[in-house]
């Protein structure tokens, strides 16, 4: 049986954007930490929020709902949300759930930051 | 096949539905109509019209000596039976399987005081099973459904007992539904349904569980860009379909069908 990886998240400012580095499993247990991380992001008042999925091992539908909640909060304040580091499987999930229509997906941090620098 | 797995690949892949452009009626139960499923796209909570709400319903199954997976298995098998009168759900053949349609025949309410009674406006549609694992599953709505979004159903352990939870992330799909949710008892009916389902689940295990509900408005704004969805309104289309039934019989009779 696969070993579970508890969720953690770190927030860091990267130019105009603020990045949330996501680690482990994004499911219901990620809720509190993800909300805390978003509150930290708000302190920077960034025009763009980057979500780094490079170290995410698993996401279920509750996790997707958490991302939707974060996206809704960001959109209320006219913030863009960019995503990078998605595996092919995660890209498929973002397509099924149609999140991909609302979040720009990038292959890596550099390409996301380049677009973030051009925004606003 | 490579031994190297990308993050999130592996055994979790089969838990999600496969991407499809539009939904297919597939094994539709007899007596229903596919007009609100066939060719419709599945849509999420960001593609609807009204305010975006997150609602969480929970019941603690104190004393139930079953694993979360066992409770969820029983919940899945009895999902249709736990619905309130008038709210007919049809599980797909093979049960709760990602990508399949769970059909719904549920009249919509038109009078706020009677939200706990079956509604009067016919509505036949369904939801796509988006995700399923041993302890949870989620459904996603098609265009024209009263709400746009997801419902997650899960069982987990908290403080030594099992907790069954329904969590919805959804908004009204179009202006008519938004009006119905706010002023015609739609929201109350929706909340009544999930409280009823969790109460039935707890009763099934011999527990007199008290269902708690919290609601949070994630986005109070109206998305006018989706107002045009009114033309896909499953309640209106089902009503028109039923009204036109005698005409179809008549025409089929003369066509010799």
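Bear in mind these aren't lab numbers, they're just calculated from the coordinates by the rules spelled out. The structure presented is a predicted model; accordingly, all values stated were derived computationally and were not measured. As a convention, Cβ positions derive from the backbone with ideal geometry for all residues, glycine included, and neighbour counts pool all protein chains shown.
Here are a few things to note about the model shown:
- Using R0 = 41 Å, the C-beta based FRET efficiency linking residue B:204 and residue A:54 works out to 0.45.
- Across peptide B:184-193, the average count of Cβ atoms from other chains found within 10 Å of a residue's Cβ is 0.
- For the stretch A:70-120 versus the stretch B:108-132, the inter-centroid distance based on Cα atoms is 34 Å.
- The distance between label points at residue A:32 and residue B:241 comes to 4.6 nm (points 7 Å beyond Cα on the Cα→Cβ vector).
- Å³ per residue enclosed by the Cα convex hull of the stretch A:9-114: 85
- Between 0 and 90°, nearest 10: helix B:186-204 axis offset from chain B longest Cα axis: 40
- Share of Cα-Cα pairs in the stretch B:1-159 lying beyond 22 Å, as whole percent: 50
- To the nearest ten degrees, helix B:245-254 and the longest principal axis of the Cα atoms of chain B are 60 degrees apart.
- Full extension of the chain segment joining residue B:224 with residue B:38 gains 64.4 nm, where the gain is 0.36 nm per residue of separation less the Cα-Cα distance.
- Residue order, fewest to most surrounding Cβ atoms within 10 angstrom, among A:97, B:97, B:199, A:62: B:97, B:199, A:62, A:97
- Mean-position separation - Cα centroids, the stretch A:1-47 and the stretch B:204-224, in angstrom: 25
- Between 0 and 90°, nearest 10: helix A:31-44 axis offset from chain A longest Cα axis: 10
- In this simple spin-label approximation, residue A:4 and residue B:254 carry label points 7 Å from Cα along the Cα→Cβ vector, and these lie 6.5 nm apart.
- FRET efficiency for the pair residue A:91 and residue A:42, taken as 1/(1 + (r/R0)^6) with r the Cβ-Cβ distance and R0 = 35 Å, rounds to 0.80.
- Peptide A:65-75 has a mean of 5 when you count, residue by residue, the C-beta atoms of other protein chains within 10 Å of its C-beta.
- Calculated over the protein assembly as shown: convex hull of Cα atoms, volume per residue (Å³): 162
- With R₀ fixed at 35 Å, the C-beta to C-beta distance from residue B:24 to residue B:116 puts the FRET efficiency at about 0.55.
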